[in-house]
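*Asks:* Here you go, one structure.
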Amino acid sequence: MRRFRVICLFGLTALSSSAYATSWAALPMKVPRFLVDAFAVTIFNGPTVSTYFGTPPQEVDLTVDLATDWLAAYAYDCVLCSGGTSFNALLSSSFQSLNSAWANSIPGFSGTEVMDWVSFGGILNAPGRQFALIDSGANQTLQAAIQSGHLGAFVNPSNDTSPSTHIFSQLYQSGQLLNPVVGFRFDPLNPKITIGALDPADYDGNLNWVEINAPSASFDSLNTFSIDGLKGYNGSFIPFGNNLTANLDSLVSAIAIPSVSTYISSPGFMGPIVNSTMSSGVLAYPCNVTTPYVALSATINGVDYQIESTSSLLRPYTTTSFDGYCSVGIVNKSDTLLPSVSLGLPFLRSVYLAYRFPTDGCPGHYGFAFPTGANRTSSQISQIPASTPTKSAQCLQFTTPTSTPSPYIEVTAQQKLLSSDKYDVYGETNEGVYLVGVDDLSQMDFLAPASAAPAPAPSSSSTEVPMFVPKPTQSSGMYGVFNTPQHGLVTLVGVDDLPQMVWYAT
């Protein structure tokens, strides 16, 4: 069962198609070098992309979710939210609260509906974009799955208004996108997202397009499609039945299949693994002597896509692992609803993914290929899809970009808060650092008292230049001494000669 499937509909101020030039954006994503134990709920394995909110812009690393459509940023004062970036509404001159609770709020994960400028790299811009500002993130499951904010990268066709209100659709309708398509590389070699075009340099082989199924009440996910099946070590299909369906899930770090026991029941499927173990739903292979190979491929429209073992399916040995064992990112599907298979991050890190989001007359499609630079043979890359989608001529012909626009954000709100000078850090020998808010502090000047004697002129050999030489005198007033009776008031020497402190408000 998907952990958070509620779909929220967001709006965008109407934009004139003539206000922007047609373009596309190629933005780097951040992904971990390898996936860690899928069952440690405190571990974040997800992909993030920097997105800008507000005026001046604030950079927030949104978690990319392929299965939902809601857009959110974590508030800077969010309680128990995870992640290292957030949005401070007080710093944005274009921020507008809609004074209503976020419709999808649940206990431990809630917020308000707001509106502000949203931008991808300063290239694709959505002024007056509605999104959720999350102010409570105590839900432990979502703490591990979503950090800093959320970019729902699925355009939901099940509602009449959802396709037109998604930020991708609005950018396309405003004339900013070259094509209604988004490309993804989740692999650690070159993680990136392209919005509005597919970069031919990102993939090898033919794009294998399949149509996304129309949503059904029998599905627990909206982004499902048909697959031929899953293959094991010997290249034969694992007997999970016919007419399998699958979905893509970038928040889950495992492959969910109908039966793990069926997969490990035969060396033909699992491969020559000796003494594998299955405990509390966690599959593990011995890895203290040699590094095992996890053999699993997904076959889609006649093309086999090998799922990476190293860094994706096979998890590194940690102190939480079984003694001498490494956990494997293959789990039992937790319910009987469709889809039959959930292709999580191990699969996504092994393929190039294209998403043709739905527009008038064109349903959504997924396209699969092999990421450039991956360790794939020429025979794997040269595979030909078994069929072509019915509306490919109408919906899957795209303009190839001739150049790549450079992301451009002049100065972010966070940068505006940094000091103009660098400051040394006590105990550190490295170059100084910029500090936040230092230039906004009140200035403090010391004024020499009137009774201070003028400083003597320095001699030719002097290396010191004293500011003034105070002339000690008894104080004009009397001062109480701590923990003495009132009649113990005394005069103090030199108090009247101390510098006066004057504060200047900035």
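Taken together, the values in this text are just the output of simple stated rules run on the coordinates, not laboratory data. It should be emphasised that the depicted structure is a prediction, and the values quoted were computed from it without experimental measurement. Note that we place each Cβ from the backbone using ideal geometry, even for glycine, and neighbour counts take in every protein chain shown.
*Asks:* Work out, step by step, the length gained on full extension between ASP77 and SER158: first 0.36 nm times the residue separation, then minus their alpha carbon distance; give nm to one decimal.
*Replies:* Between ASP77 and SER158, full extension yields an extra 25.7 nm.
*Asks:* I would also like to ask the following. Please give the peptides 21-27, 311-317 ranked by average Cβ packing (other Cβ atoms within 10 Å per residue), highest first, as a rough proxy for protection.
*Replies:* 311-317, 21-27
*Asks:* Starting with the highest mean, order 274-282, 150-158, 77-85, 328-336 by the number of other Cβ atoms within 10 Å, averaged over the residues of each peptide.
*Replies:* Packing proxy ranking, top to bottom: 150-158, 328-336, 77-85, 274-282.
*Asks:* If I stretch the segment between LEU337 and ALA386 completely, what's the gain in nm (0.36 nm per residue apart, minus their alpha carbon distance), one decimal?
*Replies:* My answer for the length gained is 14.9 nm.
*Asks:* Apply the Karplus curve 6.51 cos²θ - 1.76 cosθ + 1.60, θ = phi - 60°, to the phi angles in the range 190-207 and return the couplings in whole Hz, x for Gly and Pro.
*Replies:* My calculation for the range 190-207 gives 7, x, 6, 10, 10, 10, x, 6, 10, 8, x, 6, 8, 9, 10, x, 7, 6 Hz in order.
*Asks:* Also: Check which residues have an amide H placed less than 5 Å from LEU35's amide H, if you skip close sequence neighbours.
*Replies:* Sorted by chain and number, the residues that satisfy this are SER312.
*Asks:* Ranking request for peptides 103-116, 179-192: highest mean number of other beta-carbon atoms within 10 Å first, then the rest in descending order.
*Replies:* Top of the packing list down: 179-192, 103-116.
*Asks:* Points 7 angstrom from Cα along the Cβ direction at ALA393 and ALA214: gap in nanometres?
*Replies:* 2.3 nm
*Asks:* Moving to a separate point now. How far apart, in nanometres, would the label points at THR400 and PHE240 be if each is projected 7 angstrom from Cα along the Cα-to-Cβ direction?
*Replies:* For THR400 paired with PHE240, the spin-label model returns 3.5 nm.
*Asks:* Could you check the simple spin-label distance between THR412 and SER475, using points 7 Å along Cα→Cβ, in nm with one decimal?
*Replies:* 5.1 nm
*Asks:* What are the semi-axes of the equivalent ellipsoid of the range 180-286, taken as the square roots of 5 times the eigenvalues of the Cα gyration tensor, listed largest first and rounded to whole Å?
*Replies:* 30, 19, 15
*Asks:* Given the Cα-Cα distance of TYR426 and LEU98 and 0.36 nm per residue of separation, how much length would full extension add, in nm?
*Replies:* Stretched out fully, the TYR426 to LEU98 stretch lengthens by 113.6 nm.
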